[in-house]
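Reading through the structure tokens given below for one structure.
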Amino acid sequence: MKKSTVFYKIFLPMFLLGSVLVIGFSLFIYQNTYESIESSYLTDKKNLLRQVKTNVEWKIRTIEYSFSTYGSTKNFSDIFKHPLTYTNYSTYSEIRKELNFIETIVMDDNNYDLVSLAGKWGVINGSLNQLTEEEVERYQQKYINNKDNLFWQKKNKGIEMVIPLPMFEKEKYALGIATIEKHTIEQVVGESGEDILSIENEDGKLFSTQKVKEEGQPDALADVDLDYNQLKVIRENGTSYIVLKSDYNNWIYRLEVDSSAIGATIRNLRIGLVAVSLTLVGLIGLLSYLFSDRFARPISQIQERLNLKSKGFSGKELDLVAQSVSRIIGEKEALSAHLVTQKPQLETLFVLSLFRNRVERRELDQRLQQFGYSSQNDCYYTALVQIDLLEDSHGGERDLLLLAINNMITEIVPKENRMLPIVLNEEMQATIYRMDKDDAEASKKVMEYCRLIQKRVKEYLKLTVSIGISNRFETLNESKQSVDRAKEALYYRVNTGPSSIIFYQEIVPAAHEKTLIRYPVEEQNRLFEAIRSGNQEVRKLVHELINALFAQNKNPLSREVVSVRLINELVQLGQLLGVDSKNFDNMKQIYVKALNNYHPKELEKLVLEQLVLPITECSQAITDHEFKNLSENIMHIVYTEYDRDLSLDVIAGCTITLII
């Protein structure tokens, strides 16, 4: 089937762009992975080369230290400055013991020799040999007259190490010779795998793990400046070398890295990336085809509707069609969003205005009709919902919980029996219930709704809530008075306990009853004594005081007065104890929270955390500081008057003077 031009305009860019992204991403992954593997591999080889250097130098230093230590002894000078023959077996035996001791320290089976140039003899290969004048002269010229302290020479069996002795004296009259066997070096070097490890000095190569030197092997160290103990990676002719120069004997340790190991590691990744890339390119081609076919069809239909085919459907005309469609869709979405969002916002604002008495009577009916309410033959009740006690397990998100309760009420109460529920403030949720005037059981239905709300909140939010319900009113202009009465009814849950549903008409007699304000003085005194003494029972005493406060004052107004008095007494106590005034900077918030807390536990937590504990801690800190100063003064008196006859009376008298 022949495809339209629009199809190819969509398909080709999508397919090409997707293919380029997939290939580019695959190459990026391959490059990064290869560099990461190579870096990790080279890091391991660097650590290997550094470990080889450390092991070899430890072996050489041990040999050098053993010879130099023996050469610095007096017994050494007594023996090696004089001739030695087979008749001096005890001396020869002593020298053999020293060589065996050196071999024991180094812990290998290398060959160790000692040569006396002054006595013209040497213990070589375990035997006492007398040296000729030519041999002594050759040793003298090669080792003694040279300024170096160590000499190295490659041998068939390994590396020969020569140390002029005594090392720390100007006059050298002996030589310590150690032949480090090749198999010993191989044991120290360890397993290097396919990598070629070599050790070189200024005179040439001393050791190599390569069995036969390849002809024309590149010299990776030519014209390269090396720093002591600094690893350097050199790449030459496609081969990587890791080079390390020793600051001890100027040896150069070179490791030729086997690049085939990296290639073998990356081979599977290369195959996998190619397979994945081809699969993704094919998938992109299929998706591009389906997507292009799906979107080209309606565009072709629009093209027919607009009769654009006969005019030649150019790219500009396609843009015009797209702009027109986008504009229509945008206007429709904006209008829909405006209608959806604006109505609840306006209705919420309308209910808030009712509670604040800001809706005039003459416009009330019109506003009700706008939101689909009928004011004929209706009566109203205002119900306020408040969380009894917010536990720490709820995270303290009271506003979110109130919003959740608000949504639950929207689902529980039918729309014909309520107006839009709203969150009145940070403590309460409010709903105006609409009931039939002629319904004798209107208040009973409101009670049933409230019980169902309590049940659902307990079931889903694990919270207990109390609900205060106003008396019945006939017009919505009385909404402000009704919400005030619902609040007053809600205040009386202090007397009825949590999870209460209280009608205003039920508490009207109690609200007008004359009550005396009772303050728990005895409990306060016990608490203040505990604060002064830093007693750990302040939490228990605060609990007893708050319980007594609520038990003795049932009227909300009385309880608020007593709460304010308690806070004032605690502030005065803190000032008397010298507590820093910064602890009372947020007193305004504390007063507001105390007046709005209708649960004993909430008030107890507020008083304890904001006042009692800070005052107790500050008071205890001040007392500890004063006692510390007093003890320091007593110690000062004792130290300064130590030469006088002191008595407890003298110290007490001085202490009293300091205190005064």
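A short reminder: the numbers here are calculations on the coordinates, not readings from a lab. Since this is a predicted model, take the numbers as computed values, not measurements. A quick note on method: Cβ atoms are made from the backbone with ideal geometry, for glycine too, and the neighbour counts reach across all protein chains shown.
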Peptides 612-619, 87-94 ordered by average Cβ neighbours within 10 Å, highest first: 612-619, 87-94
Residue order, fewest to most beta carbons within 10 Å, for 58, 152: 58, 152
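Over the Cα atoms of the stretch 72-187, compute the convex hull volume and normalise it per residue, giving Å³.
Hull volume normalised by residue count: 109 Å³.
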Dipole moment magnitude, nearest 20 debye, the stretch 345-512 about Cα centre, only Lys, Arg, Asp, Glu C-beta charged: 100 debye
Stretch gain in nm, segment residue 475-residue 124, where the contour uses 0.36 nm per residue and the Cα spacing is subtracted: 113.8 nm
Inter-site label distance for residue 38 and residue 97 at 7 Å from Cα along Cβ, in nm: 6.1 nm
Loop-resident sites, the stretch 429-531, for trypsin sites (Lys or Arg not before Pro), counting at most 15 other Cβ within 10 Å (DSSP): 437, 462, 514, 518
Two-site FRET efficiency, residue 293 against residue 411, from Cβ-Cβ distance with R₀ of 25 Å, rounded to 0.05: 0.05
Rounded FRET efficiency, nearest 0.05, which uses the C-beta distance separating residue 50 from residue 279 and R0 of 45 Å: 0.55
Separation of the residue 601 and residue 586 label points, Cα + 7 Å toward Cβ, nm: 2.1 nm
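If each residue's Cβ is checked for other Cβ atoms within 10 Å, how do 14, 587, 635 rank with the fewest at the top? Mind showing how you got there, number by number?
Working: 14 17, 587 14, 635 10.
Fewest to most other Cβ atoms nearby, the residues stand as 635, 587, 14.
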Extension gain, residue 377 back to residue 81 (0.36 nm per residue minus Cα-Cα distance, nm): 93.1 nm
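Hey, with R₀ at 51 Å, roughly what FRET efficiency would residue 438 and residue 331 work out to, going by the Cβ-Cβ distance, to 0.05?
Efficiency computed from Cβ-Cβ geometry: 0.60.
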Peptide ranges 225-232, 409-416 listed from the most packed, as the mean C-beta count within 10 angstrom indicates: 409-416, 225-232
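Suppose every K and R has +1 on its Cβ and every D and E has -1 on its Cβ; what is the size of the dipole of the stretch 72-187 about the Cα centre, in Debye to the nearest 20?
Dipole magnitude for the stretch 72-187 comes out near 200 debye.
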Neighbour net charge for residue 91 - beta-carbon separation under 13 angstrom, K R +1, D E -1: 0
Inter-part distance where the stretch 34-108 and the stretch 419-458 are each reduced to a Cα centre, Å: 97 Å
Base-10 log of normalised Debye intensity for the stretch 343-471 (one unit scatterer per alpha-carbon) at q = 0.12, 0.14, 0.15 Å⁻¹: -0.47, -0.64, -0.72
Inter-label distance, nm, simple model (7 Å from Cα along the C-beta direction), residue 425/residue 62: 8.5 nm
Measure of compaction for the stretch 521-638 (Cα Rg per 2.2 N^0.38 Å): 1.22
Cβ-based charge dipole, the stretch 345-512, positive-most Cα from 473, 502, 381: 473
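List the trypsin sites (Lys or Arg not before Pro) within the stretch 137-187 that DSSP assigns to loop and that have no more than 14 neighbouring Cβ atoms inside 10 Å.
147, 155, 157, 170
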The stretch 528-598-the stretch 234-254 distance, computed between alpha-carbon centres (Å): 79 Å
Sorted by Cβ density within 10 Å, fewest first, the residues 86, 504: 86, 504
